[in-house]
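The values are calculated or read from the model by the stated rules, or taken from the named source; none is laboratory data. What you see is a predicted model; the values in this text were computed from it and never measured. Counting neighbours? That spans all protein chains shown, and the Cβs are built from the backbone with ideal geometry, glycine included. SASA here: full protein model, heavy atoms, side chains in, ligands and nucleic acids out. Shrake-Rupley method; radii C 1.70, N 1.55, O 1.52, S 1.80 Å.
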Amino acid sequence: RATAAILDQRARAHAALTQQIRDSESGRQSLEQRRSGQAQRVDQAEARLDQGEAQTQQRLHADAGYQQQLQAAQQADRVARHAEEKTGLALDDRKEKGEPYENDPLFSYLWKRGYGTSEYHANPLTRYLDDWVAGLCGYGDARANYAMLNEIPRRLQEHSEKLRAQANSEYEKLAQLESKAAAADGIPALQQALADAHAALAALDDRLEEQQKAHQELLHRNDTFAAGQDNYFIQAIDYLASELRRDDIDTLHRDARLTPTAED
């Protein structure tokens, strides 16, 4: 009777679990329907934004002020890119032509000491020896050539950076015109609507993922019931086994022989 009571509890628990699985499946279908509807709203928001931006671009292409600024920005960019290319060539040239100077130990020694410049400081004996070394390697002319070799790329670099800054400034002016036109056409509101639609879709995706995990857990519990590995079934077997252990095996055999039915 106690074992039967436990199995009755098990049946009720299994019925409740079965209902939970049905409810979970129904909830999953409902969420998927909501997600499908939200995905359509995202597509619609994207279409409205694309249409609005296309109309804004058409209006800007017909605007003389915008076209003038666009040409100015493109021209400034071309000039800056040309200057950057010249700087790159000058750097390559400096690397190639500078190696003989840098590989000359006498020249390198005097260059690092700042010989021939206001930064050079030495005692009379060292100055005498340095003068002698300078004469050996022709440092005077070499220093002027090497200094010019370093100066040209530096000046070109400064010039190209200035031109790039000017080009960026022209593009910023162009972006301001585009932002002003977009605001007038309500583009920011359309962008926000699309962002909100994407956020709602992502929230539904998160809920679906959580629901699917919970549903899989319910199915796993149901498999446990089907395999007879649930706590109720194990408790019933343990209880029945404990009761059987109270009688010796001879008594059980005798009782079984007295009642030869399928239940034995």
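Looking at the range 1-114, the accessible area is 67 square angstrom per residue; that uses a 1.4 Å probe and ignores ligands, DNA and RNA. R0 = 41 Å: FRET efficiency of GLN191 with ASP223, Cβ-based, nearest 0.05? It comes out at approximately 0.30.
Basic side chains Lys and Arg get +1 at the Cβ, acidic Asp and Glu get -1 at the Cβ, and with that the dipole of the range 146-195 about its Cα centre reaches some 120 debye.
If a spin label sat at a point 7 angstrom from the Cα of LEU240 along the line to its beta carbon, the backbone N atoms of the range 1-45 nearer than 20 Å would be those of 1-15. Straight-line cross-link partners of LYS162 among the aspartates and glutamates, defined as a Cα under 18 Å from its Cα and at least 8 positions apart when in the same chain: ASP77, GLU84, GLU85, GLU151, GLU170, GLU172. The angle separating the long axis of helix 249-258 from the principal Cα axis of greatest extent in the chain is about 50 degrees. Using the Cα centre of the chain as origin and beta-carbon charges of +1 (Lys, Arg) and -1 (Asp, Glu), tell me which of SER118, ALA90, ILE152 is placed farthest towards the positive end of the dipole. Ranked along the dipole, the leading option is SER118.
Label-to-label distance, GLU25 versus ARG81, with points set 7 angstrom from Cα along the beta-carbon direction: 6.2 nm. What shape does the chain take by its C-alpha gyration tensor, where a ≥ b ≥ c are the square roots of the eigenvalues and a/c under 1.5 counts as rounded, a/b above b/c as prolate, and the rest as oblate? Judged from the Cα gyration tensor, the chain comes out oblate (a/c at least 1.5, b/c at or above a/b).
About its Cα centre, what dipole magnitude does the range 29-87 give when the only charges are +1 on Lys and Arg Cβ and -1 on Asp and Glu Cβ, stated in debye to the nearest 20? Don't skip to the answer; put the middle values down first.
Numbers: 8 positive and 9 negative charges, 22 e Å.
I would put it at about 100 debye.
Separation of the range 146-176 and the range 35-104, taken as the distance between their Cα centroids, equals 16 angstrom. Each residue of the range 150-157 was assigned a 3J(HN,Hα) from its phi angle through the Karplus expression (A = 6.51, B = -1.76, C = 1.60, θ = phi - 60°), giving 7, 6, 4, x, 5, 5, 5, 5 Hz with x at Gly and Pro.
Full-extension gain between GLU172 and SER118, please, as 0.36 nm times their residue separation minus the C-alpha to C-alpha distance.
On the way: separation 54, 0.36 × 54 = 19.44 nm, distance 4.41 nm.
Length gained between GLU172 and SER118: 15.0 nm.
Positive-end ranking of ALA262, ALA236, THR251 along the dipole of the range 196-264, with charges on Cβ about the Cα centre, is headed by THR251. Taking 0.36 nm per residue of separation and subtracting the Cα-Cα distance, full extension of the segment from TYR128 to ILE249 would add 31.6 nm. Classify the range 113-264 from the C-alpha gyration tensor, please: rounded if a/c falls under 1.5, else prolate or oblate depending on whether a/b exceeds b/c. Oblate. Computed about its Cα centre, the charge dipole of the chain is approximately 580 debye, with only Lys, Arg, Asp and Glu carrying charge at their Cβ. Applied to the range 109-122, the Karplus parametrisation 6.51 cos²θ - 1.76 cosθ + 1.60 on θ = phi - 60° returns per-residue 3J(HN,Hα) values of 4, 5, 5, 5, 7, x, 4, x, 10, 5, 7, 7, 9, 7 Hz, with x for Gly and Pro. Only helices enter this figure: runs of n ≥ 4 DSSP H residues, each worth -39500 (n - 2.57), summed and divided by the residues of the chain, yield -32000 deg cm²/dmol at 222 nm to the nearest 500. The tail of the calculated P(r) for the range 1-114, taken as Cα-Cα distances beyond 17 Å, holds 81 percent of the pairs. Stretching the chain fully between THR259 and MET148 yields a gain of 28.1 nm (0.36 nm per residue, less the alpha carbon separation).
For a Förster distance of 30 Å, can you work out the FRET efficiency between the beta-carbons of THR18 and ARG41, rounded to the nearest 0.05?
Efficiency computed from Cβ-Cβ geometry: 0.25.
Shown in residue order for the range 134-141 are the 3J(HN,Hα) couplings computed by the Karplus curve 6.51 cos²θ - 1.76 cosθ + 1.60 at θ = phi - 60°: 4, x, 5, 9, x, 5, x, 5 Hz (x for Gly and Pro).
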